[in-house]
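Heads up, the thing below is written out as structure tokens.
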Amino acid sequence: MINNPSPTLNVGKYPTLSIGQHFPNPNLGTKEYQKSQRNCVGPRNVCGLGYLDVETLIDSNKKGLGFANLGIPDMIKQILNKLPRKPSSKSSQSDGGKNESAFPSMNSSVSGANSNSKSNSSSGKGSNSSSSRSMNGTHTPNMKSNQVKKPNQAAYESLPSFRDVPTSEKHNLFIKKLNMCCVVFDFTDPSKNLKEKDIKRQTLLELVDYVSSVPSKFNEPTMQEITKMISTNLFRSLPTNHDSKLPDIYDPEDDEPNMEPSWPHLQIVYEFLLRFIASTETDAKIAKRYIDHSFVLKLLDLFDSEDQREREYLKTILHRIYGKFMVHRPFIRKAINNIFFQFIFETEKHNGIAEMLEILGSIINGFALPLKEEHKLFLMRALIPLHKPKCLSMYHQQLSYCVTQFVEKDFKLADIVIRGLVKYWPVTNSSKEVMFLSELEEVLESTQAAEFQKCMVPLFRQIGRCLNSSHFQVAERALFLWNNDHIRNLITQNRKVILPIIFPALEKNTRPRGHWNQAVQSLTLNVRKIFSDVDQTLFDECLNRYQEDEVKQKENNHKRESTWMRMETVAASNGNESRYFRYEMIRVAPPRRLSLPIPLDTLISAPIEVLSHFGVIQEI
């Protein structure tokens, strides 16, 4: 072997490629080298930088790069066979997160190379780099920092405690423990890796204690390692049992939640993250580079976890992030808004709506006055439509608090909120009606007279329908509105408009064949007495009008019955109910007559108003 200085290959803009072994025939020409290698060396992808064939390398030799001095073709073939065939671009990064050179060190891929060569340092830590390659020369790309590392039982041993090392070594030990906790274990098998799981749990507990009593500010490399460990453990795909279910079938109250099996470790990681964010030694200006928008979005994705314990931690952590990182506040509100939109208009399935609304309740409480237009749009486009989904009961308490906070901040929003409730008022779901009435009472408590007058007509039309509901809880809850002093005063001040709207409903409940529930009848009598005591004249007028309407209704019913009897007589006289009839309809503009054949069965099922409007019926 000739111990000449190592020749180098520098291809264009790429870094230097060192050759760690030299051969005894330095005079091999370019043509002989090309001829000897053309049939035995194919294109090679070097570290994801493109394919380099033999012609390219010889080209570089013509430019004086010295590649022809490499020597024996067989040895060249051996070297080239050791190059990675399908490596990933991820291998361009070292284990410590630093960028490696574009070409890997030849010493780490050639068996039999000089172990003392200086080219080992070009690929980061030599032991880690060489261990990523198998015995047959194939290359395994290095894993990203946020990917799951599989445990190595032989190497996973506990590190010394912080109490057992001097102060100067505590920071390095902290980094080692963080890297050690980046290993994620499989908890689906409780009997697997018991020792390693316990070691990791104890290490996580030590990290929580350390981050709570750290003596100095966290620097940037430390924050990078902290967020790497947190991301590796927390950010994962969530198991859900409602993906395959239709919205009509999905019921979060009935379905059993999936409890997170890895919670013994996750809980400590969440506690570590919470203390890290709340620590006075965490500089928000530096930390915002790592707790960034991507980090926040991944946290929000975890709110769909079925484990209530995890959602409680996430709620507290996200609230702390919102308070500490002011630069992220608009983004967090927008991201939550987008989750609400997807839930309302697409899936109607999400486990963390209540926790997000609880965070928003605290955020809305801190809004400065006057409210920004952005916040009002959030109320109208997100919060009010959240009353639409069927699973409203899962988050109604938090939603009602958020809506009430808006009305308390700006009383002019009461009209928008009340009209929104009327718009999304349930038709057949009695439990949702009770929730709507409860929320309506809270909103009306903060409503002033001017805003009340804008929406009282559609509002009390809906309340009148609730008074006659066959579900006694709906009727009872509607009548309870008069027990609130502020609402009763608003109704009394506007009684001339409200009483004519709801008087028929009150009378129907108190008739002998009125509401079946005795409590509803008693409450209805109390409400009637309130109106009669305040304005007896108005009450009598409404009573007289109601009686007149009843007489007219009876006359209309009598006419309808007469018409049906005449039709039955005509049908019986013809002796065949399947005969066809023709009616002639006279229109005012433009005047013309239409003759349409209609079966008798259809005519019998038609309302009397339709028949009287169409005019004379003639037999075909």
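The values are calculated or read from the model by the stated rules, or taken from the named source; none is laboratory data. Since this is a predicted model, take the numbers as computed values, not measurements. We place every Cβ from the backbone using ideal geometry, glycine too, and count neighbours over all the protein chains shown. Each accessible area value is taken on the protein alone, full model and side chains, heavy atoms only, with ligands, DNA and RNA left out. Shrake-Rupley method; radii C 1.70, N 1.55, O 1.52, S 1.80 Å.
Taking the criterion of being modelled with pLDDT of 90 or more, closer than 30 Å to N468 by Cα and among the hydroxyl-bearing types (S, T, Y), would at least one residue in the stretch 586-605 satisfy it? Spell out how you get there, then give the answer.
Step one: list which residues in the stretch 586-605 are modelled with pLDDT of 90 or more, which gives none.
So far as the stretch 586-605 goes, no, none of its residues is modelled with pLDDT of 90 or more, closer than 30 Å to N468 by Cα and among the hydroxyl-bearing types (S, T, Y).
Tell me which residues, restricted to the stretch 222-236, are open to solvent by 20 Å² or more (accessible area, probe 1.4 Å) and either within 11 Å of C181 (Cβ to Cβ) or out of contact with any helix residue (DSSP H, G or I) (no Cβ under 8 Å at 6 or more places or on another chain) (or both).
Correct list: Q224, E225, K228, R236.
Return a yes/no flag: does the stretch 440-457 have any residue that is small (G, A, S), closer than 25 Å to A519 by Cβ and not in a helix (DSSP H, G or I).
Restricting attention to the stretch 440-457, the residues satisfying the condition of being small (G, A, S) are 446, 449-450.
The next check asks that each one be closer than 25 Å to A519 by Cβ; those that pass are none.
Looking for residues that are small (G, A, S), closer than 25 Å to A519 by Cβ and not in a helix (DSSP H, G or I), one finds none in the stretch 440-457, hence no.
Would the stretch 542-562 turn up any residue that is open to solvent by less than 30 Å² (accessible area, probe 1.4 Å) and not hydroxyl-bearing (S, T, Y)? Walk me through it before giving the result.
If we filter the stretch 542-562 for residues that are open to solvent by less than 30 Å² (accessible area, probe 1.4 Å), which is where we start, we get 542, 546.
When the remaining residues are screened for being not hydroxyl-bearing (S, T, Y), the result is 542.
Checked against the condition, which is being open to solvent by less than 30 Å² (accessible area, probe 1.4 Å) and not hydroxyl-bearing (S, T, Y), the stretch 542-562 yields at least one hit.
For the stretch 404-429, give me the residue count where each residue is among the polar types (S, T, N, Q) and either in contact (Cβ under 8 Å) with a residue 40 or more places away in the chain or within 15 Å of Q453 (Cβ to Cβ) (or both). Reasoning before the result, please.
Quick first cut of the stretch 404-429, residues among the polar types (S, T, N, Q) only: 404-405, 428-429.
Filter again for either in contact (Cβ under 8 Å) with a residue 40 or more places away in the chain or within 15 Å of Q453 (Cβ to Cβ) (or both), leaving 404-405.
Looking only at that region, the number is 2.
Can you name the residue in the stretch 476-525 that is over 46 Å from the mean Cα position of the chain (by Cα) and hydroxyl-bearing (S, T, Y) and, of all such residues, is modelled with the lowest pLDDT?
It comes out as T510.
So V427 passes all but one of these: (1) surrounded by fewer than 19 Cβ atoms within 10 Å (Cβ to Cβ); (2) under 23 Å from M356 (Cβ atoms). Which condition number does it fail?
So the condition that V427 fails would be (2).
Here is a yes/no grid of residues against (1) more than 22 Å from E260 (Cα to Cα); (2) in a helix (DSSP H, G or I); (3) out of contact with any strand residue (DSSP E or B) (no Cβ under 8 Å at 6 or more places or on another chain); (4) of a type in the set (D, E):
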{"position": "K170", "(1), (2), (3), (4)": "yes, yes, yes, no"}
{"position": "K176", "(1), (2), (3), (4)": "yes, yes, yes, no"}
{"position": "K192", "(1), (2), (3), (4)": "no, no, yes, no"}
{"position": "K195", "(1), (2), (3), (4)": "no, yes, yes, no"}
{"position": "D198", "(1), (2), (3), (4)": "no, yes, yes, yes"}
{"position": "Q202", "(1), (2), (3), (4)": "no, yes, yes, no"}
{"position": "D209", "(1), (2), (3), (4)": "yes, yes, yes, yes"}
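List pairs: first residue in the stretch 370-385 and open to solvent by less than 20 Å² (accessible area, probe 1.4 Å), second residue of a type in the set (S, T, N, Q) anywhere in the structure, Cβ distance under 6 angstrom, at least six positions apart or on different chains.
Correct list of pairs: A382/N337.
What number goes with the only condition from (1) closer than 17 Å to P239 by Cβ; (2) in a loop (DSSP other than H, G, I, E, B) that L266 does not pass?
In the conditions (1) closer than 17 Å to P239 by Cβ; (2) in a loop (DSSP other than H, G, I, E, B), L266 misses (2) alone.
Checking the conditions here, which among K176, K195 is open to solvent by 20 Å² or more (accessible area, probe 1.4 Å) and under 21 Å from Y270 (Cα atoms)? Quick ask: steps written out before the conclusion?
On the way: K195 fails: under 21 Å from Y270 (Cα atoms).
One residue alone meets the criteria, K176.
Could you check Y395 against (1) aromatic (F, W, Y); (2) closer than 25 Å to G366 by Cβ; (3) open to solvent by 30 Å² or more (accessible area, probe 1.4 Å) and say which number it fails?
It is condition (3) that Y395 fails.
Tell me yes or no: at least one residue of the stretch 294-303 is in contact with a helix residue (DSSP H, G or I) (Cβ under 9 Å, 6 or more places away or on another chain), in contact (Cβ under 8 Å) with a residue 40 or more places away in the chain, assigned to a helix (DSSP H, G or I) and loosely packed, with under 14 Cβ neighbours inside 10 Å.
The answer is no; no qualifying residue exists.
If you check N338 against the conditions, is it of a type outside the set (S, T, Y) and not in a helix (DSSP H, G or I)? Walk me through how you get there before you give the answer.
On the way: of a type outside the set (S, T, Y): yes; not in a helix (DSSP H, G or I): no.
For N338, the condition - of a type outside the set (S, T, Y) and not in a helix (DSSP H, G or I) - is not met.
Can you report the number of residues in the stretch 417-431 which are within 26 Å of the chain's Cα centre (by Cα) and within 27 Å of D485 (Cβ to Cβ)?
Total satisfying the criteria: 4.
Out of everything in the stretch 270-293 that is among the β-branched types (V, I, T) and in contact (Cβ under 8 Å) with a residue 40 or more places away in the chain, what residue ends up being surrounded by the most Cβ atoms within 10 Å (Cβ to Cβ)?
So in the stretch 270-293, the residues among the β-branched types (V, I, T) come out as 277, 280, 282, 286, 291.
With in contact (Cβ under 8 Å) with a residue 40 or more places away in the chain added as a condition, the list becomes 277, 282, 286, 291.
Values: I277: 20, T282: 19, I286: 16, I291: 24.
For the stretch 270-293, the residue satisfying everything is I291.
A quick yes/no check of all residues on (1) among the β-branched types (V, I, T); (2) in contact with a Gly (Cβ under 6 Å, 6 or more places away or on another chain); (3) within 20 Å of L386 (Cβ to Cβ):
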site: P264; (1), (2), (3): no, no, no
site: I291; (1), (2), (3): yes, no, no
site: L297; (1), (2), (3): no, no, no
site: K349; (1), (2), (3): no, no, yes
site: L360; (1), (2), (3): no, no, yes
site: L371; (1), (2), (3): no, no, yes
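Is there a residue being touching a residue at least 40 places away in the same chain (Cβ under 8 Å), touching a Gly at 6+ places or on another chain (Cβ under 8 Å) and open to solvent by 80 Å² or more (accessible area, probe 1.4 Å) anywhere in the stretch 494-507? Let's see the steps before the verdict.
Initially, the stretch 494-507 is screened for residues touching a residue at least 40 places away in the same chain (Cβ under 8 Å), giving 494-505.
From the residues that got through so far, the ones that are touching a Gly at 6+ places or on another chain (Cβ under 8 Å) too are 501-502, 504-505.
Now drop any that are not open to solvent by 80 Å² or more (accessible area, probe 1.4 Å), which leaves none.
No, the stretch 494-507 contains no residue that is touching a residue at least 40 places away in the same chain (Cβ under 8 Å), touching a Gly at 6+ places or on another chain (Cβ under 8 Å) and open to solvent by 80 Å² or more (accessible area, probe 1.4 Å).
Being touching a helix residue (DSSP H, G or I) at 6+ places or on another chain (Cβ under 7 Å), under 25 Å from L379 (Cα atoms) and buried (at least 18 other Cβ atoms within 10 Å of the Cβ) narrows it down to one of E445, E439, so name that one.
Numbers: E445 fails: buried (at least 18 other Cβ atoms within 10 Å of the Cβ).
After ruling out the rest, the residue left standing is E439.
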